[in-house]
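Just below is one structure, and these are the notes that go with it.
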Amino acid sequence: MTGSAPRPRRVLDVDGPLIPFGAAPDRYPSFATGAHALGDDANPLLSRIDPAHGPRLLALPCDLVWATTWLDAANECIAPRIGLPRLAVVSWPEPSDTDEQDERRGLHWKTRVLVDRAAGRPFAWVDDEVTDTDRVWVAAHHPGPALLHRVDPRVGLTDSDYAALDSWFRRQVGVPGR
């Protein structure tokens, strides 16, 4: 029998992990991306995105997926800034009564959708809003491995975040660590 298991997915939020916010504005460096970067006029916070994220994300042994309210605008405004190809985008359904009940219980509105889209496949969800409630729910409802990795929105993705993600993904695909 030939073939291999699909690579795990990394579902990535934008605001918080890639665009840090919440600290004093003078704390954030500004990264130049060229005179005609898409979205500069619409969102001045885009200059906070470190272009080094692109190569680091691509180096992870996983399939990248946008899991953000930016939807396809992440492909138009963010991917080119950091050297990513167009990525799959999670589309969010309209809110339901179940979502309202989940919110009252502390479950993030993305959690059910991401587990559904994972369809049992290993995945890592990188977001600044992940909580223990989400971790417990995913552990009970997702049959495959899952890592719910919370990023501090004031600093965004750091070296230690990348190290934790790289280690987890390598364990999933059976590749020794670096």
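The values are calculated or read from the model by the stated rules, or taken from the named source; none is laboratory data. Just so we're clear, the structure is a prediction, and the values are computed from it rather than from any experiment. Side chains are part of the model used for accessible areas, which takes the heavy atoms of the whole protein and leaves out ligands, DNA and RNA. Shrake-Rupley method; radii C 1.70, N 1.55, O 1.52, S 1.80 Å.
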Handout entry: Sequence of Val126, Val136 from largest to smallest accessible area, 1.4 Å probe
Key = Val136, Val126
Exercise for the section: Please work out the Cα center distance from segment 110-178 to segment 46-100, rounded to the nearest Å. Expected result: 15 Å
Practice task
Pop out the carbon and sulfur fraction of the accessible area of segment 67-177 as a percent, whole number, probe 1.4 Å.
Solution key: 52 percent
Fill in the blank from the handout: Measure of exposure for Asp50: accessible area at 1.4 Å probe, Å² rounded to 10, is 50 Å²
Exercise for the section: May I ask you to rank Phe21, Phe31, Phe169 by accessible area, largest first, using a 1.4 Å probe over the protein chains only? Expected result: Phe21, Phe31, Phe169
Exercise for the section: Can you send over the solvent-accessible area of Thr131, 1.4 Å probe, protein chains only, in Å² to the nearest 10? Expected result: 50 Å²
Handout entry: Where Rh is the Kirkwood radius over Cα pairs, Rg/Rh for segment 55-113
Key = 1.09
Exercise for the section: Normalising by the residue count of the chain, find the relative contact order in percent from Cα pairs under 8 Å and 6+ residues apart. Expected result: 31 percent
Practice task
Determine how large the accessible area of Asp152 is when every protein chain is in place; take a 1.4 Å probe and give Å² rounded to the nearest 10.
Solution key: 50 Å²
Completion exercise
dims of the chain, Cα set, principal axes, largest to smallest, nearest Å -> 49, 43, 26
